[in-house]
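Structure first, commentary second.
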Amino acid sequence: MKKALYRYPEVYEDDLVEDYHGTSVPAPFRWMEDPDNPEVKAWTKAQNALKDAFLTGDPAYQKIKDRLIELWQFPHYTTAFRKGKRTFYTRNSGTQNQPALYVRQRDGDPVLLVDPNTLAEDGTVALMVQSYTKDGGLLAYSLAESGSDWQKIHILDVENNRHYDEVLTYTKFPYPAWHPDKTGFFYNRLPDPDSVPPEDRNNYRHICWHKLGTPQSEDIKIFQHEEKTLGVMAQVTDDGEYLVLTIYRGTDPRDGVYYRKLEGDGDFIHLYEPEQAAFNMIGSVGNTFYVRTDLETPNSRIVAIDLAHPEPENWKTVIPEGEDAISYARIVDNKLVVTFFHHAAHQIKYYQLDGTFLGEIPLPTLGTAEPVSGGHKDTRYYFRFASFLYPDTIFYFDFESETLVPFADDQGIDFPIEDYVTTQVFYPSKDGTQIPMFLTHRKGIELDGQNPTILYGYGGFDLAQTPFFKVWNLTWFEMGGVFALANLRGGSEYGDAWHQAGMLEKKQNVFDDMHAAAEWLIENKYTSTPKLAIEGRSNGGLLVSACMLQRPELYGCVLCHVPVTDMLRYHKFTLGHFWTPEYGNAEENPEHFKFLYAYSPLHNVKEGVLYPPVIVTTADTDDRVVPCHSKKFVATLQTEAAPYHPYLLRVETRAGHGLGKPIKKLIEERTDVWAFAVKVLGMEV
């Protein structure tokens, strides 16, 4: 008989059993849902100590950390806005914990406006949303603390570099929309948490009007939907004529659109209701709205809607549905700038407002181009470009000269990019569906099955996984590693149909796509099971934890970050009830219970089975995917699975789901993750 190699901290198992539609489901670690329980705190501390003992003594550990610090020493920009005579941008000089906000007038010297690094010693205050008046004279911006989704809005008089006294609270991703007269803005907020039951603290979202120089208590409620679970965001059209509301249910991409004239206080006209189709407001010209929709066109089209006759039969199709799904669209320089998915990478084309094709914006390589800023009358369209070997870089396309220009001269990184290559392949999933996958690695690698490989995936929530840049992946490439990104169903790479094929009762398609990607990598000699790690975050954490349980013999290592693992109770925590359109509800619907229980990671760990080595990372202040998902899952692995592999938990402090995480914490976390992979995959550094 094998001797157990790992002794895990002792943990109490409750005898609680719940009934789900006639099925008895044990819940031995329900008590871990209370983060203030002293036993939970003690167990968590012991888990971090176990992780440290496993990793920090390895000689590779410090080498990896030192190299990450070295590679991160390059300036990087995240946003750029041209407003009147001012240009605003966020810049990190290298290993600052957070990017800072600067303004430059014409060709003048940059002036520092907001530096979050001065607001917390550990760098856990992050600059989030920025909203400017057209002339750039006023700025409303939000700050988040310790990685929380909760944010506070601050208001800055840019001309005098002076903050207004009021600070607005009770907001999550507030998106302030300025009135053209600069007297105030509309913003979305939540109720005072003390005014509603705990289960309603993420409900009753509403739009308020804030007048500058007044306390938040005097804000005027403009709109609240009668259904408490629906969310709402506001925007003022570029011409200042309309106030437009986007109405949504959780993460369902099928948004509704309401509007009214900006001046006045009449009722909102219900143009389209939520859950009918996606209706994404692009902009307006006079009484015509330009909207991206997937109604009867899964790959989306752009239509012009005459507000006097808004019925679908009266729409004018400006950009018809094509083979490539539409990702983003904006009106800049009175042109439609449209970003398409082409096999999971971006292409940008621009058109006259009547749909006449004008040209294509050249991109540096196969990659991702996310819009940053640009208004109807602006002659420059700013976007952020990135790829696996191309650091995030701000460009603008100048429509007057039809040239692509880097925003700053000091963007880039000191790394021999030319020694590495990215290619794209297509492989069949279990049902024959062709799935695209990007591969990045050093040029000239031997296909001998011995290359350490990270297979990364997400597959959900209509979120496309286009090429992205991570500093830490450069260290993986240097160590001889291959990085593979599989474009699984559940995202939007091929429009709404691709999303629908990976949600609710079809979620197993996503796991099958991941298994097939692993099999393709092995069959084509890129790697082998002992050298293959799978990695995912959030919904991707659900992906890799489910995959390791379904096919434990296929994978050599699992890197699982902030995962959703309890699919029977996820909707009971913080924002979880907003995900039911994607996952389903096991408590209310017996049919949903069947497919959720079939793959729920927490409920599918089998006693005595040897699963691949796994490190699960989470954070104590994650208020999106609460850390009890990770804790209950790891406790189950450690008590049920064969104890011959490490099943480790890493719990970060004062860090949330990932957004705004300080670079210091990013380096520490990735050092742990890479050190774990290096050790269990038998790599040399």
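What order do you get for Glu263, Glu166, Glu296 when you list them from fewest to most C-beta neighbours inside 10 Å?
Lowest to highest Cβ neighbour count: Glu296, Glu263, Glu166.
Would you mind calculating the relative contact order of segment 487-641 from Cα pairs under 8 angstrom and at least 6 residues apart, reporting the percent as a whole number?
21
Let me check against my output: what whole-number percent is the relative contact order of the chain, with C-alpha pairs under 8 Å and at least 6 apart?
Result for the chain is 12 percent.
Between Thr423, Leu504, Trp150, whose Cα lies farthest towards the positive end of the dipole of the chain when Lys and Arg beta carbons carry +1 and Asp and Glu beta carbons carry -1, centred on the Cα centre?
It is Thr423, whose Cα lies furthest towards the positive end.
Take the alpha carbon atoms of segment 569-637, find their center, do the same for segment 522-537, and report the distance between the two centers in whole angstrom.
24
Kindly express, to the nearest 10 degrees and within the range 0 to 90, the angle between helix 590-599's C-alpha long axis and the longest C-alpha principal axis of the chain.
60
Would you mind checking Lys85/Lys377; Lys41/Lys631; Lys182/Lys377; Lys83/Lys377; Lys470/Lys632; Lys443/Lys531 for any pair whose Cα atoms are more than 21 angstrom apart? Before the final figure, lay out the partial values.
Values: Lys85/Lys377 14 Å; Lys41/Lys631 11 Å; Lys182/Lys377 19 Å; Lys83/Lys377 11 Å; Lys470/Lys632 29 Å; Lys443/Lys531 19 Å.
The answer is Lys470/Lys632.
Using Cα centres only, tell me the gap between segment 304-363 and segment 51-70 in whole Å.
Comparing the Cα centres of segment 304-363 and segment 51-70, I get a distance of 48 Å.
With an 8 Å cut-off on Cα pairs and a minimum separation of 6 or more residues, tell me the relative contact order of segment 565-685 in percent.
24
Taking the Cα centroid of segment 71-138 and of segment 429-452, what is the distance between the two, rounded to the nearest whole Å?
Rounded to whole Å, the Cα centres lie 39 Å apart.
Most exposed first by the Cβ proxy, i.e. fewest other Cβ within 10 Å, how do Ile319, Ile220 rank? Mind dumping the intermediate values first?
Details: Ile319 21, Ile220 12.
Fewest-to-most ranking of Ile319, Ile220: Ile220, Ile319.
Would you calculate a helix-derived [θ] at 222 nm for the chain, using -39,500 (n - 2.57) for each DSSP H run of n ≥ 4 and dividing by the full residue count, to the nearest 500?
Taking each H run of at least 4 residues, the total per residue is -5500 deg cm²/dmol.
Just check segment 592-685 against the gyration tensor rule for me: Cα atoms, a ≥ b ≥ c as the square roots of the eigenvalues, rounded for a/c under 1.5, and otherwise prolate or oblate depending on whether a/b exceeds b/c.
Oblate shape, in that a/c is at least 1.5 and b/c is the bigger or equal ratio.
Could you list Lys507, Lys594 in order of exposure, starting from the residue whose Cβ has the fewest other Cβ atoms within 10 Å?
Going from sparsest to densest Cβ surroundings: Lys594, Lys507.
Towards the positive end of the charge dipole of segment 78-219, with charges on Cβ (+1 Lys, Arg; -1 Asp, Glu), say which of His163, Tyr89, Val125 has the farthest Cα.
Tyr89
Take peptides 169-176, 453-460, 48-55 and line them up by average Cβ neighbours within 10 Å, highest first, as a rough protection proxy.
Values: 169-176: 19.9, 453-460: 26.4, 48-55: 16.5.
Taking the mean over residues of other Cβ atoms within 10 Å, the ranking is 453-460, 169-176, 48-55.
Out of (1) 40, 29, 27; (2) 34, 30, 26; (3) 50, 31, 25, which label holds the value of semi-axes √(5λ) of the Cα gyration tensor in Å that was computed here?
Computed from the coordinates, semi-axes √(5λ) of the Cα gyration tensor in Å corresponds to (1).
The numbers here are math on the coordinates, done by the rules we state, and not lab data. Here the structure is a predicted model, which means the values were calculated and not measured. Ideal geometry is used to build each Cβ from the backbone, glycine not excepted, and the neighbour counts take in all protein chains shown.
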